[in-house]
1. Given points 7 Å out from each Cα along the Cα-Cβ axis, report the Val297 to Asn423 separation in nanometres with one decimal.
2. Please work out how much length the chain gains when fully extended from Lys636 to Leu321, using 0.36 nm per residue of separation minus the C-alpha to C-alpha distance, in nm with one decimal.
3. Taking R0 as 56 Å, what's the FRET efficiency between Ala289 and Lys408 from their Cβ-Cβ distance, rounded to 0.05?
4. Mind checking which of Met392, Leu414, Thr403 is farthest towards the positive end of the range 383-429's charge dipole, using Cβ charges of +1 (Lys, Arg) and -1 (Asp, Glu) about the Cα centre?
5. For Val148, what residues show an amide H to amide H distance below 5 Å, using hydrogens built from the backbone and excluding near sequence neighbours?
6. Can you give the FRET efficiency for Thr568 and Glu600, using 1/(1 + (r/R0)^6), R0 = 30 Å, r = Cβ-Cβ distance, to the nearest 0.05?
7. Probe radius 1.4 Å, ligands and nucleic acids ignored: give me the carbon and sulfur share of the accessible area of the chain as a rounded percent.
8. By the scheme Lys and Arg +1, Asp and Glu -1, what is the net charge of all other residues having a beta-carbon under 12 Å from that of Leu608?
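The values are calculated or read from the model by the stated rules, or taken from the named source; none is laboratory data. On a predicted model such as this, the values are computed, not experimentally measured, just so you know. Here the Cβ positions follow ideal geometry from the backbone for every residue, glycine too, while neighbour counts run over all protein chains shown. Side chains included, ligands, DNA and RNA excluded: accessible areas come from the protein's heavy atoms. Shrake-Rupley method; radii C 1.70, N 1.55, O 1.52, S 1.80 Å.
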Amino acid sequence: MKYKTFFQNTNHGLFIGIWFCAIVVLMWVLQWNIFQNVNNLFFDPLTTGTPRGDVVIIGIDEKSLARYGAFPWERDIYAMFLKSLDTYNPRVVGFDIVFAESRNGDAALRQTLATLNTDTVFASKIEQEEYIPSLFFEDLVPTLHEGVVNVFPDQDAKVRSIQKYFSIGNTCIPSFSQKITELALRQSGARGDTCDTAPFLFRYQKNIEKLSFVDVVDGSVPKEALKDKVVFIGFATTDLEQDSFFGLFGSKINGVEIHASAVAHRLNNESLVVVPPYLTLVVNLIFAALLALLPFVVKRFSKQIIILFCIGAFTLLGAILGYEFGYKTYVPWAVGIPLFSYGISLLYSYISNVRKNEYLKKLFGTYVHPSLLEELIRDPKKLALGGEKRRMTVLFSDVRGFTSFSEKLSPEALVDLLNDYLNTMSPLILERKGTIDKYIGDAIMAFWNAPLLTPNHETLAVETALIMQDKLEEFNKKLNRADGLKLGIGIGVNTGDMVVGNMGSDARFNYTVMGDAVNTGSRFEGLTKKYGVITMVGESTKDAVTDATILFRKLDIMTVKGKSDPTTIYEPLRASDSMKIFVENYEKGFDAYVRGDFAEATKHLTPLANNGDHPSQMILDRMKTIDQSTWKGVWKWDEK
């Protein structure tokens, strides 16, 4: 066939090679600094931690400078400050000021430090690869500590991470924020040969309480404002600090705010880590491969754009949610690689698959069901004869009383009536994901779960049968015939293993179903006349229905001609309180009938039969013909 030659000439290997090379180049491009900045800009607005009330900054602000003069100050000012601060009983105190050189008042400060009960951390720093310690750190004084205040901004001058430890020679020294965290949590520092110098990401605290240095000296700050708090002392104006930094939102901030935020982040026990690049890459390549298939799976471009938009939105939402849970991914890869993959695939699809699809639509579109046509376009191999075994649900419906209409209508009017009926019923099947197999005169054969897999196909089939009953009433009202003639239908629904596929010859074939379960469904439709019901379903269908608005009553346990195994059949009904009572009364009689207690069965079924219930009347009539001594609860039909 011509389409086979067309498919075979499509060089899929070349496309895969071009796709792979393009993705590799794109991965390299997306690591340029501009895209790393884009990634940071995406996450920066989300980098706000849970506010804490136990982290406080005491700032050397304009008010303090007005009292004590230009900076730097004499050290006795700090001695006076610490004496006042000690009365507040803070948990930990951290000085984000490097005291590297001697000044007046050093002795007074040392004397004050020796009397403090609060753990106090002094800042040290590394400058031009030289470690500069604090003058006031004393190994022999257990309440005095030091930590390195160096922070390293990203390429856009913003600080998003901070080190826990610094390796200086053979010594592992904690960072300023790390030491304060250890003291606040009463943890021990690094031990042995381990010195974790890797930076960790942290969330900024936007609402850290800030107090004035001079207010603490004066004692005008309430005691509860600093009691058991982690207290930072640092600059409150960027004019004083040579190494000021840019905050995530563009404004200048002091280093003390960085350290305070890092400590608050740790005290919140929040985790924020970068997803390993190899894991991000693997996931994105999988998404890229899946999106490369999109033009071949979804043919309509508008739907592709909608799907692409949804995937992009979910990707960004996933990145945001992942960040909220402490995982930072690389968004340019997450968005750029799959999107670029889709673009390459779309171009390839236009060159090859679009033309192939148009050819198939012209060839088969006039006589193949649309859903089947889409399936054939996705997988042309299904044009071959043969089928596959699949669990499916089949529906047979046949018109009752059509002969009476045929006797009173002209052939043209009869055809119009039949077409109106089929146009009413057919959409009900298609709307519930059914496939119409064929029309056989006034009969309809339909099935579910092929060519496309359909979850809850049993429920959909039974819902369709009940809605067909409702629509038939509306149809008959519209007929409004003076002679009172009405159409009736019988519907049989069954679920089981069936063979579905193209059946026929090379010249002509149909997509249909075959199998014993199909034949049983057809017999159910025929038996509706004997039981006086509209719809009959098998037990396998009934057991799989998940719609709570559908109620089933057991019609019979019987065998049909040619079968030895008994079959239980049911009638689906709309669930209501009155219907539940009706079914309960009926099944009391039916259960008594099955176990051979005909007197009990008669007592329960007679009132129902008197109200016009055909199955109840049928069982009452049947019991008159049954030999109770040989009755086993299964009725045998000798005719089809």
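1. Distance between label points: 3.8 nm.
2. That works out to 107.1 nm of additional length.
3. With R0 = 56 Å, the Cβ-Cβ based efficiency is 0.30.
4. With unit charges placed on the Cβ atoms, the residue in question is Met392.
5. Correct list: Ser124, Ser175, Phe176.
6. Efficiency computed from Cβ-Cβ geometry: 0.90.
7. Ligands and nucleic acids excluded, carbon and sulfur give 56 percent.
8. 0
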